[in-house]
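Each remark here refers to the structure printed beneath this line.
The values are calculated or read from the model by the stated rules, or taken from the named source; none is laboratory data. This is a predicted model, so every value here is computed, not measured. Because the Cβ atoms are built from the backbone with ideal geometry, glycine has one as well, and the counts that use them run over all protein chains shown.
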Amino acid sequence: MRFILAKNTGYGVSSLIDRIKSLRARALGLNVTNARLDDIQNRLDAQGASLRSDIASRSADLLRQQAELSEALDALPLPNLMADIEVLREVQARLDASLADLAAQAAMEAQARAAQEAAATLANPPPTQYRPNQAIRIAFIVQHPSIWPSWRSVWKAAGTDPRFSVRVVLTPFIHPFSSEAITYDEMKQCLLNEGVPFCTADYFDPASSQPHVVFLQNPYEDTRPAHLRIERLKAAGARVAYIPYGLELGGGVWNIGAQFDTALHRSAWRVFVRSERGRKMFGKYCLAGNSHVVVTGHPKFDNTDTLTETAPRALVDRIAGRKVILWTPHFSVGDPPTWATFKTYGNFILSEMQRRTDLFLLMRPHPLFFKAMREHNEWNAEQEQDFRQKLNATENFALDETADYRTAFSLADALMADVGSFVLEFLPTGKPLLYLHCDGGLGMNDDGEIVQSLYAAYNQTDITAFIDMVARGEDPRKQDREAVMPDFLFGLGLQSTAGERICDHIHEALSAESDWVCQPTGVQAGRGQKLPAQGELAVQSLFAPAHESRRMTALESALAAFPTFKRALLIGSDDGALLSRLAAHAGHLTVTAQDYASSEAIRVAAADSRLVNVHILAQELRLLAPTEKYDLICGVDATSLIADEVAFLYIIEKLRLMTRPGGTLLLTEVLSTRHDPQQSAELEGCRKFRSVEDFRTVILRKGFVLKSEALISEAQDKHLVNKLFIFELANDHGAQPGRA
C-alpha cells in the first residue's frame, strides 16, 4: 500500500509541478497583457481628453457661428420676402392651373373632333342609290302657301315626266310670328284648289320611303318637325335640294348667313338659283363654296299667266278703272328696323294716297307683318283691328292677304316695296317700281346694284314724286330696268321653264357615273375656333407696363375726332373705362361677350358707371350675327384670337356686313413686323399675330378705306407692334351718299 501510494504521490507531484509551471507562464503572460491593456487605456484616456478638448473648442465655434447667423437673420427683411414668396407661389399655382386647363381643353378638343368625325360618318351615309331607268323619287316638303309658287312648275314638270315619281308632303310651319294652324290650313287649301295630291307629315317616313331627292321650302330647321330636318333626311339617304324661297336681296350679316350659309346651304346636294350673280354670292358667303349651286333661273317666273280677270269681282269694282299702286311693307318693324319702312313712311303713304282719289292703293304686307307689329308692341289686338277697319273703309284702299300674290301683280300699275323678293320679282312686269330705303337698316346684299336702275325713295318727297309720276302714266327708267334684268334673272326668254331645267339637271346628275355631293368632312369643326388666351395680361406681357394706358389714350384720341355715333359695337374688351368712353360717344352701344364671365364683367361695369345705353350681345366673334348695322365698330385686339386664316377672312367679311356705308371700323391689334405670322408662346398667352401688311390688305380688299394708322406699342425683340387703325366703309348701292 505504501509502495502504491508513494508511486502515486510521486506521479502527482510531477504533474503538479508541471501545472504550476504552466500557471506561472500564464501569469507572466497575463501580466504582459495587463501591461498592454494599461498602455492602451492610457492612450485611450489621452485621446478622449484630446477629443473632449476639440469638441469643446468646436462647440464654441458653432455657438459663435449660430450667434452670428441669428444676428444676420434678424437683419434680413423677412416679412417682405415671405410676402414675395407667397405671391410667387400664387403665380405658380395660376400657371399650373392654366397649363392644366390648356391640357384639358386640348384633350376635350381632340375628343370633340373625334366625336364629330365619328358623328359625321354616321350622319352622312351614302345617298340612296339610283339605278338607270329607275323612276327618281322626289318628295316636296310643303309648309307655306306663299312659297308654293317657287315649286309649282317643278312639281308640274316632274309630275308629268315618267322619269320621276313625285310625292307632296303637307307639313306644319312652326314660327313664333305665324299661326301654325292657320298656315297649315291655308297650305292644305292651296293644294286642294290646284288638285295637288299630298300626304301629311305624320304619314311620311323618309327611312321607309327612301326618296332620292327631297326639296325643302326654307333653310330654317326649327320651322319643321324633327323627322323632316336635314340630318334625319340625310340619314335616310335623301339628297336635300333647295330653291331659295325668296329672291334674296337683304343685306346684313345675319341675313347673309340666313340666305347663303346655314346648315342646309352647306350640306345641300343641290341649290338651284336665279342667276350667275346669285351663284357668285354663294361662293362668297357659303363655307361650302358654290360647286353644288346650279343656275337654272327661278321657277317663280314660270307662272306669270294669272290675268286680271281672275281677281275677285268686288275688288275690281272697287278699283273702278283707276291706276293701282301696290304697297308691300316688310315685317321687320323692330328697333332698329332692318328693312321695314312702315314706321317711317306708313302714315305718310296712307294720308298721301287717301287724298289721291284718282289712284287706288292695294296694300299687301308680308305674311308676318301684323304678328310682328304686335310682337314689337307697335299695336295691340284692338289697334290692329282698327287699322284693318280704317283701311277697308277708305274708298280707294284695299288689303290683300290672299295666298297667291300674282293677282296683285296683275292688278298693279306700279309697286312701292321695302327690301324683299318683290323688288326683283316685279321686274318682268315691266311696270315702274319704287324702292323704299330704310335709313339705318341693313340695306341690300351684292345684288343691291339693281337700285341704280329703279326709282328710290330716301324721303317723303321722293315718294310723292313717284306717285305723281304713276298718275301721269310716265316711266322714264323703264329701259334701264329692261337692260339689267338678264343679269339678275336668268332664263326668262328661254323656251323651257326653270322647273323643267331643274328636273333635267336632277336626272342627268343621278344618271352620271359619279354624282358629286357636298358633305362636311369634320375638318371644318376646327375652323374659326378661337385660341385660348390669357386675357388682357397676355397682350400686356408683350409690351411695357405703360401699354394699357397708351392704348386707352390712342382710343380716346381717335374717338375725339368723331361726332357722336348713333349705334356702336365694341368687340374684344370688357374694360370699364373704355366701356364708359364709348357709351358716352354713342347713342346706343352693343358690347359682345364671349362667355359668362365677360358678360358679368360688362354688366357690372355698366351698372357701376350707370350706363343705360349699353346692350350685351352674348356671341363669340366667329358666331357674331347681329340684326343691325353700326356707325362704329371698335375691336380691341380681337382678331388675333382667331387661329385659322380662312375663319379670319370670314370674320373680316362679317365686320364689313355689320358696318354701315360710310361707317367707321376702329381696330387695335397686335401684329407681326415680319412677313410671316407668329404664334405667341408659353406664358404670353395663345394668339396668332398676322403681319401688318396682310392685316391691312385683307381689310382694304373688303371695301374699306384706310383713314389713319398709329403705333401704340412696340416690342422690337419680339418683332411685334400694337397698332390702331381707322377704316371707313365706302358707300354702297343700298344707301344714298350724304343721307346714310
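If the Cβ limit is 7 Å and pairs must be 6+ apart or interchain, which residue in the stretch 184-208 that is outside the structural domain of D404 (by TED's automatic domain parsing) and surrounded by 12 or more Cβ atoms within 10 Å (Cβ to Cβ) pairs with which residue that is of a type in the set (S, T, Y) and outside any helix (DSSP H, G or I)? Note: pairs meeting the criteria are A201/T171. Within the set L350, L359, the sole residue that is touching a residue at least 60 places away in the same chain (Cβ under 8 Å), more than 19 Å from G250 (Cβ to Cβ) and crowded, with 17+ Cβ neighbours inside 10 Å turns out to be L359.
Within the stretch 268-282, the presence of a residue that is under 16 Å from F140 (Cβ atoms) and surrounded by fewer than 20 Cβ atoms within 10 Å (Cβ to Cβ) is excluded. Can you find even one residue in the stretch 108-124 that is in contact with a Phe, Trp or Tyr (Cβ under 8 Å, 6 or more places away or on another chain), modelled with pLDDT under 95 and surrounded by fewer than 21 Cβ atoms within 10 Å (Cβ to Cβ)? Among the residues of the stretch 108-124, not one is in contact with a Phe, Trp or Tyr (Cβ under 8 Å, 6 or more places away or on another chain), modelled with pLDDT under 95 and surrounded by fewer than 21 Cβ atoms within 10 Å (Cβ to Cβ), which makes the answer no. Checking each residue in the stretch 382-409 for being in contact (Cβ under 8 Å) with a residue 60 or more places away in the chain and in a helix (DSSP H, G or I) picks out R406, T407, A408, F409.
Looking only at residues of the stretch 313-326 that are out of contact with any Gly (no Cβ under 9 Å at 6 or more places or on another chain) and assigned to a strand (DSSP E or B), we find that the one that is farthest from F422 (Cα to Cα) is V324. Scan the stretch 559-584 for residues that are in contact with a Ser or Thr (Cβ under 8 Å, 6 or more places away or on another chain) and touching a residue at least 40 places away in the same chain (Cβ under 8 Å) and the total you get is 8.
In this structure, is D418 over 29 Å from H588 (Cβ atoms) and charged (D, E, K, R)? So D418 does not fit the description; no.
Is it true that some residue in the stretch 669-680 is part of a loop (DSSP other than H, G, I, E, B) and surrounded by 21 or more Cβ atoms within 10 Å (Cβ to Cβ)? Yes, the stretch 669-680 contains a residue that is part of a loop (DSSP other than H, G, I, E, B) and surrounded by 21 or more Cβ atoms within 10 Å (Cβ to Cβ). Residues in the stretch 463-474 that are on the phi < 0 side of the Ramachandran plot and surrounded by fewer than 18 Cβ atoms within 10 Å (Cβ to Cβ): T464, A465, D468, M469, A471, R472, E474. For the stretch 238-253, the criterion of being surrounded by fewer than 22 Cβ atoms within 10 Å (Cβ to Cβ) and farther than 27 Å from G297 by Cβ is met by no residue. Checking the stretch 628-636 against the condition returns no match, with no residue being farther than 25 Å from K284 by Cβ and part of a helix (DSSP H, G or I). Contact annotation: residue pairs with Cβ atoms under 6 Å, 6 or more positions apart or on different chains, pairing a residue in the stretch 159-177 that is farther than 26 Å from P367 by Cβ with a partner that is assigned to a strand (DSSP E or B) and among the charged types (D, E, K, R), are S165/R137.
Conditions (1) part of a strand (DSSP E or B); (2) under 15 Å from the mean Cα position of the chain (by Cα); (3) not assigned by TED's automatic domain parsing to the domain that holds L442, marked per residue:
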{"position": "H588", "(1), (2), (3)": "yes, no, yes"}
{"position": "S598", "(1), (2), (3)": "no, no, yes"}
{"position": "A601", "(1), (2), (3)": "no, no, yes"}
{"position": "R610", "(1), (2), (3)": "no, no, yes"}
{"position": "H615", "(1), (2), (3)": "yes, no, yes"}
{"position": "R622", "(1), (2), (3)": "no, yes, yes"}
{"position": "S640", "(1), (2), (3)": "no, no, yes"}
{"position": "L655", "(1), (2), (3)": "no, yes, yes"}
{"position": "P661", "(1), (2), (3)": "yes, no, yes"}
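Residues that are acidic (D, E) and crowded, with 16+ Cβ neighbours inside 10 Å were ranked within the stretch 681-727; the one that is modelled with the lowest pLDDT is E684.
Screening the stretch 423-461 for residues that are modelled with pLDDT of 95 or more and assigned to a strand (DSSP E or B) and picking the one that is surrounded by the fewest Cβ atoms within 10 Å (Cβ to Cβ) gives A456. When V517 is tested against the conditions (1) at pLDDT 95 or above; (2) touching a Pro at 6+ places or on another chain (Cβ under 8 Å), the lone failure is (1). Residue count for the stretch 249-292 satisfying the condition of being outside any loop (DSSP other than H, G, I, E, B) and free of Cβ contacts under 8 Å to residues at least 60 places away in the same chain: 10.
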